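Okay, so here's the structure we're looking at.
The values are calculated or read from the model by the stated rules, or taken from the named source; none is laboratory data. Note that this is a predicted model, so its numbers are computed, not measured. Note that we place each Cβ from the backbone using ideal geometry, even for glycine, and neighbour counts take in every protein chain shown. The area values use the complete protein model at the heavy-atom level, side chains included, leaving out ligands, DNA and RNA. Shrake-Rupley method; radii C 1.70, N 1.55, O 1.52, S 1.80 Å.
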Amino acid sequence: MEQDELGGLPPEGRARHAVLGVLQRARSVRTDWVDAASGLEGASDEPGWPAALARVFDELGDDAVLRSWEWGWMPREVSSALRKSLTPEAAKAGAVMMRGQLTRYSESQLSDRWNVHREELAAAVQFAGVAEAAAGEGRWDRIVLWAAVLEALEFIGALPKIPRVEPLPGTPLIAHALGVAESSREYQKIRALLAKAESTDSDAEAEAFTAKAQELIARHSINEALLAESGQEQREPEALRVVVERPYEQPKSELIAQIADANHCRSVYWPDGGFTTLIGDRADLRSVELLYHSLLVQATSAMSRVGSASAKRGGKSQTRSFRQSFLASFAMRIGERLRESADDTAREVAEETGTDLVPVMRERDQRVDARTEELFPRLKFGRSTRITNYEGHVAGLAAADAARLSAQEPIARR
């Protein structure tokens, strides 16, 4: 568009042209976002120019964020990717744009998971939209904001397409029916028990709380499967993504995979995205997520305690290889013990009810496998984390053995 033609446009039209020009050039030339933002701020001395820029950024942010929703992303995953790849200012700007986009929906137009993510955004950033964030700011603060928004816009606009695991905001059919069972009485008990296990300083109390939570989880899963078998509550497998935070993402992802495998779920880890996709029954998915976060807290605490004790003896427990090996071995042993515990619980329920659970659970596993293949038709299996520190390996196994999972006798080592 020629300069004289631009002069005939209202401020917002010229602002849009200027911002799009910056983003287009950034695709082929490395861009200094602060310089670019300064140029945008100084492109006009009209009183309404900053407000016009803010409205354009809101519009472009809405478009980019909506596209990311349509391409399978949700706020938690986008926020994680922003934090791992961009500046803190850009990550915050991305959260502001996402929060702004989600304000257009009422609570009834969002599934439970979308509502949880929206609440997380509200807790993370003060403003819902760029215009709201820019209101009342001075020239330099606006330039800093414009730079962060430009950086976030370019990143969000380039996110790849991934499998969609949740209905889009505004989908008429969803309401709250497809969310996980956050409010059920069983899950209230499980969450409370795991919270107590994580907060206590007593290993004996933590073991007791975790043991009871595991028992409730296992029995709840079997009861759900029996209900589905009887036709009272037939439902298809769903998917849920869990963000894997830095550091030591690989062994943390293996911990999720081990927990998922023991609870009739499948897991697919994407390192570039920084998250694991879980596929399984709705109740099992929530159980895996709860157990992962609780066991990760226990593993991290145990790693710190063992590391401190080993350091006093002159061991090399503060190295990255020690911690990586510790978490990898912890994940491996926890997986073994969870599978043993799940088998024990299944035998107990079978004896109590006189029901052969093998075909019931096999049918659930087959549905989960089919859904996994549907979401990831070209899935490849990756390698496990290499264990390079023997001290960390042994300590991780010991910590996993200490995290007792049954209310009866501790599971013996293999």
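Numbers for the structure displayed
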quantity: Square roots of 5 times each gyration tensor eigenvalue, C-alpha, the stretch 1-88, largest first, Å; calculated: 27, 15, 13
quantity: Sequence ranges 219-226, 358-365, ranked by mean other-Cβ count within 10 angstrom, highest first; calculated: 219-226, 358-365
quantity: Amide N proximity, the stretch 274-290 versus E186 label position 7 Å along Cα-to-Cβ, cut-off under 16 Å; calculated: 280-290
quantity: Estimated FRET transfer efficiency when R0 is 45 angstrom, pair L20-D369 (beta carbons, to 0.05); calculated: 0.50
quantity: Calculated FRET efficiency for the pair D35/H293, C-beta based, R₀ 30 Å, to 0.05; calculated: 0.10
quantity: Inter-probe distance in nm under a simple model that places probes 7 Å from Cα toward Cβ, at Y105 and R347; calculated: 4.6
quantity: Heavy-atom accessible surface of the stretch 1-97: percent carbon and sulfur, 1.4 Å; calculated: 51
quantity: Label-point gap, in nm, between T319 and S28 - each point 7 angstrom along Cα→Cβ; calculated: 4.9
quantity: Rounded FRET efficiency, nearest 0.05, which uses the C-beta distance separating A195 from S85 and R0 of 30 Å; calculated: 0.40
